[in-house]
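The values are calculated or read from the model by the stated rules, or taken from the named source; none is laboratory data. What you are looking at is a predicted structure, and each value in this text was computed from that prediction instead of being measured. For neighbour counting, all protein chains shown are included, and Cβ atoms are generated from backbone atoms with ideal geometry for every residue, glycine included.
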C-alpha cells in the first residue's frame with residue numbers, strides 16, 4: 001500500500017512541477033515583450049511641476065525610467081541622443097546632468 005501511496009505522491013509532484021514550468025514559460029514569453037515608453041509618464045517621478053521645465057533629453061529619460069525601469073533608462077542615457085552611439089560617463093553627464 002505504501003508503494004501505491006508513493007506513486008501517487010510522485011505523480012502529483014510531477015504534475016505540480018509541470019504546471020510551474022508551464023507558468024514560468026508563459027511569464028518568460030510575456031516578459032520578452034518590450035514595454036512601450038509612455039510619453040509623459042516621467043512627470044510622476046518629479047515634484048513641483050519640474051517635468052515641464054526639463055529639456056527633451058531628460059524628459060525622455062524620465063519617461064523610460066517610469067515605463068521600463070532603471071536598467072532601460074541607464075542603457076538609454078549611455079546612448080548618444082542624436083547618433084545612438086555609446087557614450088562615456090562624462091558625455092552622458094553633459095546630456096543628463
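Before moving on, here are some points about what is shown:
- Search result, residues across the range 81-97 that are part of a loop (DSSP other than H, G, I, E, B) and more than 17 Å from residue 46 (Cα to Cα): 81, 82, 83, 84, 85, 87, 88
- Being farther than 20 Å from residue 34 by Cα and without any contact (Cβ under 8 Å) to a residue 12 or more places away in the chain is a property that residue 51 has.
- In the range 54-80, the residues that are assigned to a loop (DSSP other than H, G, I, E, B) and either closer than 20 Å to residue 35 by Cβ or modelled with pLDDT of 95 or more (or both): 69, 78, 80
- Members of the range 72-91 that are surrounded by 12 or more Cβ atoms within 10 Å (Cβ to Cβ) and in contact with a strand residue (DSSP E or B) (Cβ under 9 Å, 6 or more places away or on another chain): 78, 79, 80, 87
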